[in-house]
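Taking it in order: structure first as structure tokens, then the write-up.
The values are calculated or read from the model by the stated rules, or taken from the named source; none is laboratory data. This is a predicted model, so every value here is computed, not measured. Note: ideal-geometry Cβ built from the backbone for every residue, glycine included; neighbour counts use all protein chains shown. Keep in mind that these areas ignore ligands, DNA and RNA; they rest on the heavy atoms of the full protein, side chains included. Shrake-Rupley method; radii C 1.70, N 1.55, O 1.52, S 1.80 Å.
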Amino acid sequence: MGQTESGMKNEMFRVEKMEDDDDESPSERQIVVGICAMMKKSKSKPMTQILERLCKFDYIDMVIFPEEVILEEPVEKWPLCDCLISFHSKGFPLDKAVEYAKLRNPLLINDLNMQYFIQDRREVYRILQEEGIELPRYAVLNRDPDNPEECNLVEGEDHVEVNGEVFPKPFVEKPVCAEDHNVYIYYPTSAGGGSQRLFRKIGSRSSVYSPESSVRKTGSYIYEQFMPTDGTDVKVYTVGPDYAHAEARKSPALDGKVERDSEGKEIRYPVMLTAMEKLVARKVCLAFKQTVCGFDLLRANGHSFVCDVNGFSFVKNSMKYYDDCAKVLGNMVMRELAPQFHIPWSIPMEAEDIPIVPTTSGTMMELRCVIAIIRHGDRTPKQKMKMEVRHPLFFELFEKYGGYKSGKLKLKKPKQLQEVLDIARLLLVELGQHNDCEIEEKKSKLEQLKTVLEMYGHFSGINRKVQLTYLRNGQPKASSEEEDSKKDGPSLLLVLKWGGELTPAGRVQAEELGRAFRCMYPGGQGDYAGFPGCGLLRLHSTYRHDLKIYASDEGRVQMTAAAFAKGLLALEGELTPILVQMVKSANMNGLLDSDSDSLTDCQQKVKARLHEIMQKDQEFTLEDYEKLAPTGSPSLVNSMKVIQNPVKTCDKVYTLIQSLTSQIRKRLEDPKSADLQLYHSETLELMLQRWSKLERDFRTKNGRYDISKIPDIYDCIKYDSQHNASVGLEDTLELFRLSRALADIIIPQEYGISKAEKLDIAQAYCVPLMKKIQLDMQRTHEDESVNKLHPLYSRGVMSPGRHVRTRLYFTSESHVHSLLSIFRYGGLLDEEKDQQWKQAMDYLSAVTELNYMTQIVIMLYEDNNKDPSSEERFHVELHFSPGVKGCEDEENVPLGFGFRPASSENQDKKPNQGSLEDLSQDQPDQALPTSEPINIQRRSPMIRNRKTGSMEVLSETSPTQSSKGCTSHRLFPSCSRQSPEIKPAIGLGFEGCSMVPSIYPLETLHNSLSLKQVDEFLNTVCESSSEAHAKTMKALSSLFDSQSQTSLYSPQQPLSSSGSETSLRPPSQPLWHGSIPSSAVSSAGPSSPITESSGLNFSFSE
């Protein structure tokens, strides 16, 4: 070996051994490991780290082939070696390496011929398929570069067909060449369309959203089904068939922003592979004959799919991996080559890593589950128009889309809406030519249909829909408009719905709330300490956050969910990709959707009674109070006092609307304001249409009022006083005040007047959701299977094997009302016996409206010190917020008791109010903890800072009661903050500049329920509604078949803490100190000193 060495001194680079071994006898020949790769790779930091460690093997020497030798010298002149680590990268002459291997026959760590296959995605997928490895459903489109038109591709609006196989959007389009990283994902029109373009990381971007929706027309591609993960990808690195290191990183498809740490490296999180995934790693390693091999896994629906194999690749900056990799490679080389070199060698046995188990002391509880039901954010007014149609073209359309099956049809797809528009245009043309023709569709209605469908210049299924309902004998004639045209025979009722989209303000609200929601989770450790809400981000990326977001199928609800997810997980960019990846639509089973057209009998009766009471032209009598407000709710009683005489109030409202429409007409005539742009690109014209329709519909021909229009009137005036105040219309505040008083009666009472009715109607809406919530809570403590964090990396994470499950349900007003009714009237607790519940009930009955972003939050904690079978082991808390603040809410806001009030015993153990876990650097204006006495009976105006975008300190001062100086800190100190995308412009109501109202902080309704109590309560409520039962079971089975996972039960690990024992009984005398306990310790115990952040004062303000 000496002579070869001297012969090559000048043309090869020799890595010296780390230690000089004196005991080495010259007779023993060293094993030479050659590294043959491009310099960028062979001199990279991971390679250097691993080679340094390999050199510690006594008998191994390293030789790195210089790049100029590889590129310019013939293989006969390449250095000799016994074992070759060689791999392809850009510019590497793979052919020469193959030739060298034939010539010298070294032991190959990574097979060279297989590296040709790895460069072609078609070959990679073929091999994976042959090995029986799960991969997404795919098809290959091969195009001949000379005539690209000839290929088996049919492109539809929301799908492509490749070789006869259909791929609905979202789907993925990958170039067949693996070196080409321009992978595109195409989104469905229902989510906003467009595509996400992925590429090799450039700086801090790995993808960008594009509005382009049609696929590439040149080049060959693989088309595959898009796999909805939870927004993270898993990268797996094998070193031989029995070792795999895995880490998660944010999926590049999500928002394209690369997360980087303080050193500028992409943040990745170590992950534990399941047994199945380890088997996949073994198969990949062996099938591609690559000892060192990287590949990508997508975890979706309880399965793991391989979507990419990269060949030779090392983990970056993980010391543990460098040690392991060198050890495995060194042992492999020695095992193969030691015998022929007569080197004594036996493979050392490795001890298993022992997981670190923190010990526990004190009543520390671990957060196990968060369930939130949230109403969508601020939206444009919902509008609808009904017309009866009899034209054959409409019947053809009805038949074409299968309307006769159920007698009902919903048209939302752009293509379908286009067909409706075509019919409307055609009929209008015919009408224009001759007046007396067969067409009975009213001209004005057809024109409105046409205008609305043409409104945005393009269709996106999010903001308009047409419903057709078959009427066997035509429509029963209403009193007002249709006496004239009496026609027999079947007809179709066409209902056009538009508006009701999430506004920019609604997006900001949802994103802010998402950001604030993070703070309910255990604090971040390590690099993340001092960054609010980062505990959740870390939890999420390490796969120990089991998050699912469900939304009903309405666009505004889905967009709210996506914007919330964006804030919750600190994402950036467009909502479409987030919506497609993160939000599951739950419309399959009435879980979050209600078919508002099919009201229950009970609801019909309630509506009729409501109309009757509201049609009396006299002041409300005592009897009326009993009829309308049998529950004695203060919010109702107050509104009735404002109204006094319902018909007179409706008269006033009607007059005010007339004044409003005439003001808008005047504005339209004034050339200065004719083309005034209103909020969210509405015109004065459209605003006038909105209001004059209400004016027409509110007062019927016989002079009676249609009470069901009141919510719409309130909706419109609420919208205009918030967003279009700059138009300067008069009397809007009076209209707002009166319509609000009417709406505060009508909206909640439409969900039932007496307790029994409220319960009955609520069950009709909510049973599927209640069952789902019940399952969410039960499954938390049964299923320990899901992905776990690698024990070595879990220092500082409480009980590494455990999960927090989060289930977020975004829905509309009806579900939120119903769910709250069930908790209020379903008999969860007895007000007489439970002081805290009584106060909660008083608070709820003082809340006037469940505004946008209303939240009902259920949190489940586990006390690891209690016997697993005892009732005290699992502990449930119920929280609530009435959502966004209204325009004039300040004076009479009901006050709850703050978020998670602690029990009275903790008075002395109040955490040091001064130490704010070093959050001050990130958060310039902290909310100050206020400690003022709270008076429940008499309200005094809130101290409030009026300036938009600044903090508001929530405090109530009242001289009348200076009890024990209770303090109440709020979880989300309320304040409004302009999102970075929306530049504040003071006083303007136009697009992007209108004030974003802040959201009321969460209030705790109860914080010492046992899981058993809640479970039995849900059982009772669901059982009593038996007719909904069958429907539910069907729905739930479809929900869960995708989620079942089997695995070993891992022992529950206790939590470390330095809290001291405190009792769990509800406080007899309310003293609330607002320490949000650390690491999601439940309020049973005081906060542990590590995070003495008094009451999580994360403000929303920048």
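Points worth noting:
- Label point 7 Å beyond Cα of ASP731 along Cβ direction - residues of the stretch 663-692 with amide nitrogen under 17 Å: 663-667, 688, 691-692
- Probe 1.4 Å, accessible area per residue of the stretch 158-206, Å²: 39 Å²
- Surface exposure of the stretch 211-289, expressed per residue as accessible area with a 1.4 Å probe, stands at 39 Å².
- Computed as a quarter of the hull surface, the mean projected area of the alpha carbon convex hull for the stretch 36-158 stands at 12.3 nm².
- Linear extension gain, ASN163 paired with PHE341, 0.36 nm per residue minus alpha-carbon span: 58.5 nm
- Links that overshoot a 28 Å alpha carbon limit, given the list LYS413/LYS450; LYS169/LYS265; LYS386/LYS548; LYS41/LYS289; LYS278/LYS771: LYS169/LYS265; LYS386/LYS548; LYS278/LYS771
- Average accessible surface for the stretch 643-753: 41 Å² per residue, computed with a 1.4 Å probe over protein heavy atoms with every protein chain in place.
- Largest accessible area first, the residues ASP95, ASP842 order themselves as ASP95, ASP842 under a 1.4 Å probe with ligands, DNA and RNA left out.
- The accessible area of LYS382, taken with all protein chains in place and a 1.4 Å probe, comes to roughly 110 Å².
- Kirkwood Rh in Å, taken over the stretch 625-683 so that all alpha-carbon pairs contribute: 14.7 Å
- Stokes-Einstein D for the stretch 237-344, Kirkwood Rh over Cα pairs, 4 °C, 1.567 mPa s (µm²/s): 84 µm²/s
- Note on surface exposure: SER681, SER754, SER869 rank SER869, SER681, SER754 by accessible area, highest first, 1.4 Å probe.
- Centroid-to-centroid separation of the stretch 160-202 and the stretch 236-262 [C-alpha atoms, Å]: 21 Å
- Per residue, the average separation of C-alpha pairs within less than 8 Å and at least 6 apart gives the stretch 67-225 a relative contact order of 19 percent.
- Computed over protein heavy atoms with a 1.4 angstrom probe, the accessible surface ordering of THR1020, THR621, THR854, largest first, is THR1020, THR621, THR854.
- Filtered GluC sites (Glu not before Pro), the stretch 605-675: DSSP coil and at most 15 other beta carbons within 10 Å: GLU619
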